[in-house]
1. Give Phe111, Phe69 a once-over and let me know the one that is touching a helix residue (DSSP H, G or I) at 6+ places or on another chain (Cβ under 6 Å) and either in a helix (DSSP H, G or I) or of a type in the set (Phe, Trp, Tyr) (or both).
2. Being under 15 Å from Arg2 (Cβ atoms) and charged (D, E, K, R): is that true of Glu32 here?
3. On the basis of being closer than 22 Å to Glu89 by Cα and in contact (Cβ under 8 Å) with a residue 24 or more places away in the chain, does Lys29 make the cut?
4. Of everything in segment 91-112, what is within 16 Å of the chain's Cα centre (by Cα), farther than 30 Å from Ala125 by Cβ and of a type in the set (Lys, Arg)? Give them in sequence order.
5. Looking at Ser49, Ser10, Ser56, which is the one that is under 26 Å from Val110 (Cα atoms) and at pLDDT 90 or above?
6. Does segment 50-68 contain any residue that is surrounded by 10 or more Cβ atoms within 10 Å (Cβ to Cβ), closer than 30 Å to Lys85 by Cα and in contact (Cβ under 8 Å) with a residue 24 or more places away in the chain?
7. How many residues, within segment 4-49, are part of a strand (DSSP E or B) and exposed (fewer than 12 other Cβ atoms within 10 Å of the Cβ)?
Amino acid sequence: MRFLMTIYPSAQAEAGVLPDAKLIGEMMKFNEEMAKAGVLISLDGLHPSSKGARVSFPGDKPKVTDGPFTESKEVLGGFWMINVKSKQEAIDWASRCPDRDAKFIEIRQVFEMSDFPEDVQKIAADHPAVRAEVEKHKRASS
């Protein structure tokens, strides 16, 4: 099962203050532990929302809003994509994260093709780009 673990940073981190070397070292050790356990698929940290943009679709037309997004109470700071046996295992990994200044880590299971009805799987299987992506994840899961 694939899970996306997203981390929501402190206000200080969202303001662009980078973590100190001690925390970076602890985070790298945490990431290495996940990699050695064979559960880490990918990970990345994100720049503050002040450097980002949002695209919304009022009236079906794209509207771009530059950051920061002051109306947001929670702003995504980074993510890990992991492959584990259960939601509880994902929770266990998130609980080990050394960034105690983070507001929280959210855990969301990723849809697998097998989660969809057969007719949807058939539509996806007939699309070359989707088929290639599905095959890639099948290989990664085994």
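1. Going through Phe111, Phe69 in turn, just one is touching a helix residue (DSSP H, G or I) at 6+ places or on another chain (Cβ under 6 Å) and either in a helix (DSSP H, G or I) or of a type in the set (Phe, Trp, Tyr) (or both): Phe69.
2. Against the criterion (under 15 Å from Arg2 (Cβ atoms) and charged (D, E, K, R)), Glu32 does not qualify.
3. Values: closer than 22 Å to Glu89 by Cα: yes; in contact (Cβ under 8 Å) with a residue 24 or more places away in the chain: yes.
Considered against the rule, which asks whether it is closer than 22 Å to Glu89 by Cα and in contact (Cβ under 8 Å) with a residue 24 or more places away in the chain, Lys29 comes out as yes.
4. Lys103 - this is the single residue of segment 91-112 that is within 16 Å of the chain's Cα centre (by Cα), farther than 30 Å from Ala125 by Cβ and of a type in the set (Lys, Arg).
5. Working: Ser49 fails: at pLDDT 90 or above; Ser10 fails: at pLDDT 90 or above.
Ser56 is the lone residue from the list that is under 26 Å from Val110 (Cα atoms) and at pLDDT 90 or above.
6. The answer is no; no qualifying residue exists.
7. So in segment 4-49, the residues part of a strand (DSSP E or B) come out as 4-8, 40-45.
With exposed (fewer than 12 other Cβ atoms within 10 Å of the Cβ) added as a condition, the list becomes 42, 44.
Total meeting the criteria: 2.
Conditions tested, residue by residue: (1) modelled with pLDDT of 85 or more; (2) of a type in the set (Phe, Trp, Tyr); (3) surrounded by 13 or more Cβ atoms within 10 Å (Cβ to Cβ); (4) more than 30 Å from Val17 (Cα to Cα).
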{"position": "Trp93", "(1), (2), (3), (4)": "yes, yes, yes, no"}
{"position": "Arg100", "(1), (2), (3), (4)": "yes, no, no, no"}
{"position": "Glu106", "(1), (2), (3), (4)": "yes, no, yes, no"}
{"position": "Val110", "(1), (2), (3), (4)": "yes, no, yes, yes"}
{"position": "Asp115", "(1), (2), (3), (4)": "yes, no, no, yes"}
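The values are calculated or read from the model by the stated rules, or taken from the named source; none is laboratory data. Bear in mind that the values here come from a model prediction, so they are computed numbers and not experimental data. For neighbour counting, all protein chains shown are included, and Cβ atoms are generated from backbone atoms with ideal geometry for every residue, glycine included.
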